[in-house]
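Here is the structure we will look at.
The values are calculated or read from the model by the stated rules, or taken from the named source; none is laboratory data. Source: prediction; values computed, not measured. FYI the Cβ positions are ideal-geometry reconstructions off the backbone, even for glycines, and counts take in every protein chain you see. What goes into the accessible areas is simple: the full protein's heavy atoms, side chains included, and nothing from ligands, DNA or RNA. Shrake-Rupley method; radii C 1.70, N 1.55, O 1.52, S 1.80 Å.
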Amino acid sequence: MGDELSQKEEYLLQLNVKFSSEKDLKSFQDFLYKKSKQNMAFTGLIEAISNEQTITTAIHNIKSNTGSKTSGVDKAKIDKYLQMPKQDLMELVKKNIENYKPKPVKRIYIKKRNGKLRPLGIPTIIDRIIQECIRLIIEPICEARFYPHSYGFRPYRAQKHAIRDITNIITASCKSEQQPVFAVEGDIKGCFDNINHRILLGKLWNIGIHDKRLLKIISLMLKVGYMEKQELFKNEVGTSQGSILSPLLANVYLNDFDWYIGRKYYEPVQTLKRIDNERRKLRWNGVIPKFNIRFADDWVILTSTENEAIRLKEELTDYFKYKLKLELSEEKTKITDLRKDGIKFLGYVIKAEKPRRTPTDKTAKQFLVGKPRPDMERVTEKIKNICETIRTIKGCPSEETKALIIMKVNSKILGLAEYLKFGISSKAFHAIDRRVNNSCLSVWKREYPNAYNQMQIPLKDLSNLKERHEGHKSQTFAIKINDKWIGITMAFLTHIKYEVKPYNQKMTPYTAEGRRIYVNYRNKHKPLPKDRPTIFTENDITQTNGIYNFEYYMNREYAYNRDKGKCKCCSKILMYNSKTCHHINNNLPIDKINKVSNLVWVCNDCYNAIHTGLIPTNLETKTINKIIKYQKKKKN
């Protein structure tokens, strides 16, 4: 899209950064998204990135991620920063942004599906905080310019939406002479490892990020290099997989590719009143529609003839080579006839087949529809991993240890079933259950040679995952602990849930309408979490040391939302000058005392009653009991 954008009139907007709460930050992100949609470019982004509310939100996001337990080359973990005084931490982050000198990332390796090792780069915690601050500010700008049919590493989007998009494109054209039944399956050689830094910075500029200070910081991040076996290696190309910004930067890099296909074959620059008319105009000019769907560095382009697919593959080989300095794998970038083999995409095999006969219409339909089924090669690998975990039950010293392994097996079965439930997956589910049951039979025979038959229990009698197993009579293997059966779950219990409609392009976290659509799409009864309020109390000036560290000031805001702004004892609405955040157990160590579960909000009268033991006699019995409960917990 960058090439097209440079041809349009673009306005430069100097930002005036004024926000002091999470709600204000979201309003600012909405503003960035709206103006970016209007082809605005932005300066003054560093001031927004350095804002204390941005830093606080960034630290919370990192803290809630399991990766926060992993340290970088400086061996510091998130707890080090959470336990700093709030103002000291703010000044430290701001100082690092102002005079940015990133540390090298720590290189580790994880095993890929094909047995090869994938390199990951782990930045230091302080670098992660800065990267998350940058992401919070530039993601709305980028989201406004991204291609509608790219789904990887984008908010509110997932693999199921990309799969639904492909099947919808095939099915929607089922009665057309130009039904897209041929696909170019793209594979970029080492996409993340070969991104050209100069080209990437140019694309960030074209997308509207005109703050040169920020571009300099991103440039330093890209070139910082990595440490492996105590040796420093420089990065001339590539983005570090494992860094917070890497997925967003990769989407920025490939966005022009998305729009190159879209503008040329499906999403023309709109000059008429309706986009449908523009697409019709393309068809009148003899352009065969082509549909590009991308998830991170995996992409598929659908077209209606094999010759067009061959020509497009040759065209894109040159495009990636000369425009993006990337190389397509000749072996893995292939042309597929969806009527025969189907494309393998994100763990599914998608084919164009005749629709299933229904009781009301038993005629053999002539048209084709898109059908996604699990890729059984990948499913078999996952099943093998589950069975290996089951075999670790052999020789376990206690029933409790076996129960923990059963819980781990169940989590893997549930995770696999949840991933596959958006396709035609009943056969895959039964394959999982059959193989798992056979492995369990082998293990239970060895562990309980005289009792394994009695340890096959109806699912409804299990004590674990009771809601999932309720009413099901199928038998599974289990062990007994304290008169309760703990057993292996089954994949077929997961209900297949097709995406009813294609992804709603208005669904985004950066507009009020987009968030409302998302709540309705996800679950009308589960609204998004409340914004954290910025809270000030009379004690904030004096509470600056000891247990009143950054974690306390951050988590008390979540506790306030949890308590709905009411006193936990008397349930009165908390007023500005009469509320206190109370530590339930003030004898916990520093890394536990300020967790949300140990904080409650109470009015000053109840707080004094808890700490002095003098409880007014005119209080309700319920309130008195709660005060006594907190007195006891404080003493413990």
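Just one of the listed residues (68, 150, 64) is within 29 Å of residue 509 (Cβ to Cβ) and open to solvent by 50 Å² or more (accessible area, probe 1.4 Å), namely 64. Within the option set 185, 177, being open to solvent by 50 Å² or more (accessible area, probe 1.4 Å), under 30 Å from residue 347 (Cα atoms) and not in a helix (DSSP H, G or I) holds for one residue only, 177.
How about region 375-431: which of its residues are of a type in the set (Ser, Thr, Tyr) and either over 30 Å from residue 342 (Cα atoms) or assigned to a helix (DSSP H, G or I) (or both)?
380, 389, 392, 398, 401, 411, 419, 426
Exactly one residue out of 246, 219 is open to solvent by 10 Å² or more (accessible area, probe 1.4 Å) and among the hydroxyl-bearing types (Ser, Thr, Tyr), and it is 219.
Out of 137, 199, one residue alone is over 23 Å from residue 350 (Cα atoms), modelled with pLDDT of 95 or more and open to solvent by less than 10 Å² (accessible area, probe 1.4 Å). It is 137.
Here's the yes/no breakdown for (1) open to solvent by less than 70 Å² (accessible area, probe 1.4 Å); (2) under 33 Å from the mean Cα position of the chain (by Cα); (3) over 14 Å from residue 535 (Cα atoms):
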position: 554; (1), (2), (3): yes, yes, no
position: 565; (1), (2), (3): yes, yes, no
position: 568; (1), (2), (3): no, no, yes
position: 574; (1), (2), (3): yes, no, no
position: 578; (1), (2), (3): yes, no, no
position: 581; (1), (2), (3): yes, yes, no
position: 585; (1), (2), (3): yes, no, yes
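Restricting attention to region 399-411, does a residue exist that is of a type in the set (Gly, Ala, Ser) and under 25 Å from the mean Cα position of the chain (by Cα)? Looking for residues that are of a type in the set (Gly, Ala, Ser) and under 25 Å from the mean Cα position of the chain (by Cα), one finds at least one in region 399-411, hence yes. Only one residue in 101, 116, 77 is under 23 Å from residue 594 (Cβ atoms), modelled with pLDDT under 95, open to solvent by 40 Å² or more (accessible area, probe 1.4 Å) and not β-branched (Val, Ile, Thr), so which one is that? Among 101, 116, 77, only 77 is under 23 Å from residue 594 (Cβ atoms), modelled with pLDDT under 95, open to solvent by 40 Å² or more (accessible area, probe 1.4 Å) and not β-branched (Val, Ile, Thr).
Test residue 510 against the criterion of being modelled with pLDDT of 90 or more, assigned to a helix (DSSP H, G or I) and either open to solvent by 70 Å² or more (accessible area, probe 1.4 Å) or farther than 22 Å from residue 592 by Cβ (or both), and give yes or no. In short, no. The criterion of being within 23 Å of residue 161 (Cβ to Cβ), within 24 Å of the chain's Cα centre (by Cα) and loosely packed, with under 14 Cβ neighbours inside 10 Å holds for residue 418. When the residues of region 543-587 are narrowed to those that are charged (D, E, K, R) and touching a strand residue (DSSP E or B) at 6+ places or on another chain (Cβ under 7 Å), which ends up nearest to residue 21 (Cα to Cα)? Filtering region 543-587 for residues that are charged (D, E, K, R) and touching a strand residue (DSSP E or B) at 6+ places or on another chain (Cβ under 7 Å), the one nearest to residue 21 (Cα to Cα) comes out as 556.
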